[in-house]
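Asker: Take this structure first; my questions come after.
What follows is calculated from the coordinates using simple rules that are stated; it is not laboratory data. As the structure is a prediction and not an experimental result, all values here were calculated from the model. We place every Cβ from the backbone using ideal geometry, glycine too, and count neighbours over all the protein chains shown.
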2 protein chains.
Amino acid sequence: MTAHRPARKGITDPTPTDLAHITAGPFPGSRKLYLTPAGRPELRVPVRAISQTPTTERVGGVTRTTPNPDVYVYDASGPYTDANAAFDLTRGLPAARTWLGGGEGHLTQLQAARRGIITPEMEYVALREALRQPGDFDLDHQHPGEGWGASLPREVTPEFVRSEVARGRAIIPANVRHPELEPMIIGRGFRVKVNANIGNSAVRASVTDEVEKLVWATRWGADTVMDLSTGPDIHRTREWIVRNSPVPIGTVPIYQALEKVGGKAEELSWDVYRETLIEQAEQGVDYFTVHAGVRLAHLPLTMRRRTGIVSRGGSILARWCLAHHRENFLYTHFAEICEIMAAYDVSFSLGDGLRPGSIEDANDAAQFAELGTLGELTQVAWAHGVQTMIEGPGHVPLHLIRENVERQLSVCGEAPFYTLGPLTTDIAPGYDHITSAIGAANIGWYGTAMLCYVTPKEHLGLPDKNDVREGVIAYKIAAHAADLAKGLPGVQARDNALSKARFEFRWEDQFNLALDPERARAYHDETLPAEAAKTAHFCSMCGPQFCSMRLSQDLQEDLAALALADLEASLQEKAQEFREGGHALYLTAPVEL
Amino acid sequence: MTAHRPARKGITDPTPTDLAHITAGPFPGSRKLYLTPAGRPELRVPVRAISQTPTTERVGGVTRTTPNPDVYVYDASGPYTDANAAFDLTRGLPAARTWLGGGEGHLTQLQAARRGIITPEMEYVALREALRQPGDFDLDHQHPGEGWGASLPREVTPEFVRSEVARGRAIIPANVRHPELEPMIIGRGFRVKVNANIGNSAVRASVTDEVEKLVWATRWGADTVMDLSTGPDIHRTREWIVRNSPVPIGTVPIYQALEKVGGKAEELSWDVYRETLIEQAEQGVDYFTVHAGVRLAHLPLTMRRRTGIVSRGGSILARWCLAHHRENFLYTHFAEICEIMAAYDVSFSLGDGLRPGSIEDANDAAQFAELGTLGELTQVAWAHGVQTMIEGPGHVPLHLIRENVERQLSVCGEAPFYTLGPLTTDIAPGYDHITSAIGAANIGWYGTAMLCYVTPKEHLGLPDKNDVREGVIAYKIAAHAADLAKGLPGVQARDNALSKARFEFRWEDQFNLALDPERARAYHDETLPAEAAKTAHFCSMCGPQFCSMRLSQDLQEDLAALALADLEASLQEKAQEFREGGHALYLTAPVEL
């Protein structure tokens, strides 16, 4: 792979001083473990173990202490959060996929799956998704879910992974030129994933900033990262990103192609695009957004829209089509694109260039016409052995979200759906991580496999580091809410553990189990910074007198002391009396009906 | 009403210097108007008019300018955002309900509605809810909604309001002792409302802070405010709040009753509670949370819960019940409570003292046993002519939310539902405004009439001013997403206007139409502060070259220039050719199936 290492030259490469600011180190109370299937020492599947303090109870005046087990959580953050990992950003991460050969004559994951082969990547993701808890402690208890027809086995096995990939219902985006990758899977039968977009623009650009955003986004939980750079030094920036990324990297190659022709959409050509595809595939990009569904015949359908075409790639290609009055060259050259991508096992993210950019344009003719084309193209991609997911909207009111998933599943043969939000209203710029987390949770529940995050800066400016954090956390919430609703085995364990910690006033455990431990702690400490408050049986919200959790804990002790069985019987008797006699008390009062 | 003015004495009353910091003044680009039904000059219904700049288009090389109409939005912020209003916080707001008499011998809104009387409050809220836009400009265009059986007329009339109130499906919380109130309605057939909780605790307390939170919360859109103070000076704090509140004020009287007995739940009594109810009703509180559904027989059902009883009021009453081994005195004295509340037209918010405090406890036996009791009590309250709404959870995973609404509507005779969130996961303390906005949008869509907000500090500490803003905006988003999904007539107008402004690069208009104009502007200006950027056809997110909106605008001009009808015909012909011949191109390629 050394041929693909970046030439670390040039004025914009980060200096060691710059790189010293990259955020690293474990989360509080957490350590990184690696799980390994029996007999496969080369597969080291990362997991974050969150330790807990013991539970202390008073029972009959005696204090009893019971330990609480570690809680294991899915961990996309790579070696950066491993206290024991050694890495050098100027050299890139060490290979996680040590089993990769020269990359010649390989099969794509899809081709292998169809032949019945379970690849190392499939074994890896099976263990990663199964994520069993080390203690049971009642943490496995959870509500049966509603999966809307998704295949959700009690246990995720390598064979289940293989069969889902073979059917095209899941993808493992993993370019053979990206050995630093820790494999992951995107499909309706697995945990809902989150993508974070990073990338510079002509207005703001720095390689260090982008590497930091990559590390930062995965720290907070991004499962994949798209580098959407459009500014200067696209190639160099991407090289730094791919070499240091433990997660799949996606790009939109048309952006770089456009830079190559001086920003003039009408001067784009298949040759420039093809060269760009190969260049990026060689670098190790794991999935490409390709707007091959933006067809000339669809363009008039966008004329009467409130907000026209809001996808960058879509608008670039529309402009090319109109300028030449010809069919989109990504559509006419689609088979050749497939051949290039199959050679590296780059996955498709078939772009929705005509996605709605406003509530009014949701679910309109232009959007669904393009979706039909994406369905056609999915079959072509599959015929070439290329793994494929489908991009979706955008801006959609709550009640029209489900139609998007149903149509996509039906039209695209259940290929994984990958949606941007959707935003459920247009009226809250500055808070679009929230308007869209609402849509994302719903669309994830209905069957979307990966959610592309939206930051608070959406529509307003380029997100900074804090915006990335806000966006990723909002989307981890949406994805987890969807997982809970689907009822994926074991996903409620973290909720149960956190709620148990909360009820028992184990504040430190509550912070450490939170999606954002730093913020949870900071908010608590704003009003009660003293160390003693970390074991206090109240917080500043209600104060000690009015803490319901405290009252309720005392209550449970009282109830326990009262010999529950007897009490229940006597209470039920009383309740029965009340039901029989109690109503008269009210209805004889002089009232006006 | 002068008898109820606070005695402005004592060390904790705000000084004029304190009060100078209360946030007032109109939103940018906005002015307050008052709508008046023909012949009813005393009814002055507030509305915020947001002005817009004109649209500038190039058509065939010629620049054309078209004005854009004002956009009217529902306005709960009271005189504080009226540039022309005069008010003195030390004297309280001037009366909005000038038609109120001495308050003797009156009917409640429910009693009046049943007799076929349309009260001034009903006329007021009808005009307020109807909210017609001054221009049409295509802004009325919107998607048909899905109302899950709610009655949603094309036009909100006073008679519709009356009939919904008469059936108990909507309430107008309006204590006859609260003349400062601008009436509003809570019901499934109307806009989804948002409540903000304020109030001090023993840990933090200041009257000025609470008045500022009231004004601040309504500024951002809170439709009602609950004063949940539990600290010192409860009475005085509440007096300042009610006298200066244009929105209904809710309280939980058991909190003050508990303070009166020194914080010892077991020393609570009907006499203390009754005295507190009357004291607060006299002050003008518009609705009371009464936890009369926490029955002795339900308590054993909470024993095996993850998080016991998490409602403050619920845990206080449970403690009383257990200490005395007697039925909840709020249940046994419910008829007397109704009589007191009917005398002032205070509305019930029947408290859900046993709501789930964790995902695991959602929809359990304790919760639904209490709901059954609330259904019984609703009938009793209605029999006494008392307006009633029902409180709901809490923590509920997405897929179990709908069951809550369906059961509540069925068990409680369609009395309005008023829910806290619900939070859709437990794992994100610090972001529970988001975990719960997801649940709130869904439950609002399914039929909940009012959403109680949750701030980012939930579970961690007492919210400050910024938390209140974050919480209210998150909930305005949820409520609006629900309104859009229900398809309430005219609610999409603001989305349409904002998206139009966005597409036309009218940045100032986009900011001014946003739920939070200040933040939208600040986020934009972080990277492009120059005044010229306010008319630029791009932002820092993509830069000028890659702005899809800009490309799409140009595209629309191109398309228009190309004589659309001819183009469509030729494109469809081409598309047909492609469908017939194109596939062969792909499927003859050598591929592996």
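Asker: Using 7 Å Cα-to-Cβ label points, what is the B:Asp18/B:Arg64 separation (nm, one decimal)?
Answerer: For B:Asp18 paired with B:Arg64, the spin-label model returns 5.9 nm.
Asker: Roughly how big is the protein assembly as shown's charge dipole about its Cα centre, with Cβ charges of +1 (Lys, Arg) and -1 (Asp, Glu), in debye to the nearest 20?
Answerer: My answer is approximately 460 debye.
Asker: Report, in whole Å, the centroid distance computed from the Cα atoms of segment A:404-436 and segment B:422-463.
Answerer: Each part reduced to its Cα centre gives a spacing of 21 Å.
Asker: OK, next. Can you figure out the FRET efficiency of A:Ser206 with B:Glu557, using R₀ = 35 Å and their beta-carbon distance, to the nearest 0.05?
Answerer: 0.50
Asker: Between copies, how far apart are the A:Arg58 label points? List them in nm, one decimal, shortest first, with each point 7 Å from Cα toward Cβ, please?
Answerer: Distances to the matching label points in the other copies: 7.9 nm.
Asker: Something else now. In what sequence, highest mean first, do A:56-69, B:456-469, A:469-482, B:72-85 appear when ranked by Cβ atoms within 10 angstrom?
Answerer: A:469-482, B:456-469, B:72-85, A:56-69
Asker: Taking the label point 7 Å from Cα in the Cβ direction, how far apart in nm is A:Arg304 from each other copy of itself, listed shortest first?
Answerer: Once sorted, the set of distances for A:Arg304 reads 5.9 nm.
Asker: Inside 10 Å of the C-beta atoms of A:349-362, what's the mean count of C-beta atoms belonging to other chains?
Answerer: Whole-number average of other-chain Cβ neighbours for A:349-362 is 3.
Asker: If you take the square roots of the eigenvalues of the alpha-carbon gyration tensor of segment A:449-552 and sort them as a ≥ b ≥ c, do you get rounded (a/c under 1.5), prolate (a/b over b/c) or oblate?
Answerer: Verdict is oblate for segment A:449-552.
Asker: Test of understanding: ordering B:Val194, B:Val405, A:Val156 by Cβ neighbours within 10 Å, fewest first, what list do you get?
Answerer: B:Val405, A:Val156, B:Val194
Asker: Which value does Rg/Rh take for segment A:235-348 over its C-alpha atoms, Rh per Kirkwood?
Answerer: 0.99
Asker: Quick one: label points 7 angstrom along Cα→Cβ at B:Thr23, distances to the other copies in nm, smallest first?
Answerer: Distances to the matching label points in the other copies: 2.7 nm.
Asker: Using Cα pairs closer than 8 Å and at least 6 residues apart in sequence, work out the relative contact order for chain B, in percent.
Answerer: After rounding, I find 14 percent.
Asker: Now for a different question. Give the Cα extents of segment A:144-249 along the principal axes, in whole Å, largest first.
Answerer: 47, 29, 21
Asker: Can you pull the Rg over Rh of the protein assembly as shown, Cα-only, Kirkwood?
Answerer: 0.98
Asker: Let's test the formula: R0 of 35 Å, r as the Cβ-Cβ distance of A:Ala323 and B:Glu526. What FRET efficiency results, to the nearest 0.05?
Answerer: 0.50
Asker: Per residue of chain A, what 222 nm ellipticity follows from adding -39500 (n - 2.57) for every DSSP H run with n ≥ 4, rounded to the nearest 500?
Answerer: Helices in chain A give a 222 nm mean residue ellipticity of -12500 deg cm²/dmol.
Asker: Further question: Between A:Ala38 and B:Thr98, with labels modelled 7 Å along Cα→Cβ, what's the label distance in nm to one decimal, could you check?
Answerer: So the two model labels end up 8.6 nm from each other.
Asker: So, one more: Would you mind putting B:39-50, B:13-24 in packing order, based on average other-beta-carbon counts within 10 Å, highest first?
Answerer: B:39-50, B:13-24
Asker: Additional query: Average partner chain C-beta neighbours within 10 Å, per residue of B:298-309?
Answerer: 6
Asker: Next question. Please give the per residue volume of the convex hull enclosing the alpha carbon atoms of segment A:69-223, rounded to a whole number of Å³.
Answerer: 167 Å³
Asker: Considering only DSSP beta bridges with both partners in segment B:145-255, what is the antiparallel share in %, to the nearest 5?
Answerer: So the antiparallel bridges in segment B:145-255 amount to around 30 percent.
Asker: Another question, then. How big is the Cα convex hull of segment B:193-454 in projection, averaged over all directions, in nm²?
Answerer: 12.5 nm²
Asker: Find how much the distance from A:Thr535 to A:Ile278 grows on full extension, using 0.36 nm per residue of separation minus their present alpha carbon separation; answer in nm with one decimal.
Answerer: 86.7 nm
Asker: Let me ask something additional. Project the alpha carbons of segment A:418-468 onto their principal axes and report the range along each, largest first, in whole Å.
Answerer: 30, 23, 12
Asker: Still on this structure: Could you compute the FRET efficiency for B:Lys465 and B:Ser51, with r as their C-beta to C-beta distance and R0 at 22 Å, rounded to 0.05?
Answerer: 0.20
Asker: Roughly what % antiparallel, to the nearest 5, for the DSSP beta bridges in the protein assembly as shown?
Answerer: Roughly 40 percent of the beta bridges in the protein assembly as shown run antiparallel, per DSSP.
Asker: Still on this model: State which helices in chain A qualify, where a helix is a whole DSSP H run, it must extend 24 Å or more along its own axis by its Cα atoms, and its mean Kyte-Doolittle hydropathy must be at least -0.5.
Answerer: Both cut-offs are met by A:365-383, A:465-486, A:564-587.
Asker: On the Cα set of chain A, report Rg and Dmax in Å, please.
Answerer: Expressed in Å, the Cα Rg and Dmax of chain A come to 26.5, 91.
Asker: Further question on the same structure: Counting only DSSP beta bridges with both residues in segment B:195-252, tell me the antiparallel percent, nearest 5.
Answerer: Counting DSSP beta bridges with both partners in segment B:195-252, the antiparallel share is about 10 percent.
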